[in-house]
1. So the check is Cβ under 7 Å with 6+ separation or different chains; which pairs have a first residue in the range 221-240 that's within 30 Å of L172 (Cα to Cα) and a second one that's among the hydroxyl-bearing types (S, T, Y)?
2. Restricting the first residue to the range 297-310 and requiring it to be more than 21 Å from V326 (Cβ to Cβ), which pairs with a second residue that is in a loop (DSSP other than H, G, I, E, B) meet a Cβ separation below 6 Å and a spacing of at least six or different chains?
3. Go over the candidates E214, E257, E274 one by one and state the one that is surrounded by fewer than 21 Cβ atoms within 10 Å (Cβ to Cβ), in a strand (DSSP E or B) and modelled with pLDDT of 95 or more.
4. Quick check, is S139 under 29 Å from A160 (Cα atoms) and surrounded by fewer than 24 Cβ atoms within 10 Å (Cβ to Cβ)?
5. Cβ-Cβ distance below 7 Å, separation of 6 or more or different chains: which pairs start in the range 154-166 with a residue that is touching a residue at least 60 places away in the same chain (Cβ under 8 Å) and in a helix (DSSP H, G or I) and end on one that is among the small types (G, A, S) and surrounded by 24 or more Cβ atoms within 10 Å (Cβ to Cβ)?
6. Do you know which residues across the range 296-317 are over 11 Å from K328 (Cα atoms) and either assigned to a helix (DSSP H, G or I) or within 23 Å of the chain's Cα centre (by Cα) (or both)?
7. Can we say L74 is more than 20 Å from the chain's Cα centre (by Cα), part of a helix (DSSP H, G or I) and not small (G, A, S)?
8. Are any residues in the range 128-160 closer than 14 Å to S64 by Cβ and in contact with a His (Cβ under 9 Å, 6 or more places away or on another chain), and if so, which ones?
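The values are calculated or read from the model by the stated rules, or taken from the named source; none is laboratory data. The model shown is predicted, which means the values in this text are computed figures rather than measured ones. Note: ideal-geometry Cβ built from the backbone for every residue, glycine included; neighbour counts use all protein chains shown.
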Amino acid sequence: AAIEKGGYEHFMLKEIFEQPQTIFDSFRGRLDVDQPLLTLSGLETIKDKLLAARRIIIVACGTSWHAGLLAEYLIEELCRVNVEVEYASEFRYRNPIIDENDVIIAVSQSGETADTLVALENAKKQGATIFGIVNVVGSSIARMADAGAYTHAGPEIGVASTKAFTAQLVVLELFALKLAEMKGTISTARLRELTAALHAVPEQVQWILDNQLENIKQVAAKYKDARDFLFLGRGYNFPIALEGALKLKEISYIHAEGYPAAEMKHGPIALVDENLPVVFVATQDPFYEKVVSNMQEIRARKGRLIAVVSEGDTVAEQLAEDVLTVPKSHEMISPLLAVIPLQLLSYYVGIELQLDVDKPRNLAKSVTVE
Ligand code: G6P
């Protein structure tokens, strides 16, 4: 087992550290830096369906659902088509209205999640076209889909998903860019800007791993005894707040909630006191000023502010008690970076609490029964 872990203490840590490579693998051969033309062959297969689609429905569970939620923001912005994101377990039972004009993107690491698989089978019977974004080659969802793109993250052993999530995000980014290119809803300049930003990600993730580890370990040790955590973000960073909270729950058994930063006023703000750590995903993007004012609101109530910020930030950095830094990127790409310190934070809190981070209690890698 020690050999399988490649010198790392746990699969989760190994898989977090593999991300510079797995992120590269997920766009390799699909994205050309010099020429802003993408190849996503699966997408070409269903081109006519996609161009005609009135809407795209994304179906997933767990961490994969968070990747889908971010994709909703990206695809609507870049492709100007309606996107709905559905929990497979709800979607399959509520008799959704589906027909042959619908394209469904299924997001699944294992390709075996029972709820997702049955939701897709039902939708397929009603005429929908299924596009699978799956990690495990030859899995049930990969086989039943009409077309798809593998995430190429390699086997993920840790029960809590890390590298599969970032690979899903990359493929969903490529999907959005390619569809926008096909629909003519993106300028060449914007396409070039986004492809360049994607190309920079592996190195930028490596920078986080090389420069932030000690800092993140200290933050983990400092807050390990908290009873609750709140994770907040807006826009493209809202799904990352949800994912940060889910990771912490899974690995440390500390109760954590992810919320849209502004929506906290409608509930979670009642929990804020000097014992509550509040993690803001506050990287540079169009919502940054708004996020800063949300941070001020937490600070006024004496919450313990932790912020994920872009390198060179001075405002959020001053406000927060602890800061986790990521390199600057394009606002649509930076969620790929912002999630890395949150994965590491939950890992190190789990280690501090001496928990089984690779196999958290009650959780399964793949939920193949209802
Ligand atoms: C389980 C796993 C999660 C995963 C979810 C969906 O809950 O523990 O890590 O996100 O299932 O799995 P899938 O394989 O469909 O992505």
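1. Close Cβ pairs satisfying both conditions: L230/Y259; L232/Y259; G235/Y73; Y236/Y73; N237/T283.
2. So the pair list comes out as R301/V272; K302/E274; G303/V272; G303/L276.
3. Answer to the check: E257.
4. Spelling it out, S139 is indeed under 29 Å from A160 (Cα atoms) and surrounded by fewer than 24 Cβ atoms within 10 Å (Cβ to Cβ).
5. Filtered contacts from the range 154-166: K163/A153; A164/A153; F165/A67.
6. Those that are over 11 Å from K328 (Cα atoms) and either assigned to a helix (DSSP H, G or I) or within 23 Å of the chain's Cα centre (by Cα) (or both): Q296, E297, I298, R299, A300, L305, I306, A307, V308, V315, A316, E317.
7. On the way: more than 20 Å from the chain's Cα centre (by Cα): no; part of a helix (DSSP H, G or I): yes; not small (G, A, S): yes.
Here the answer is no, as L74 does not meet what is asked.
8. N135
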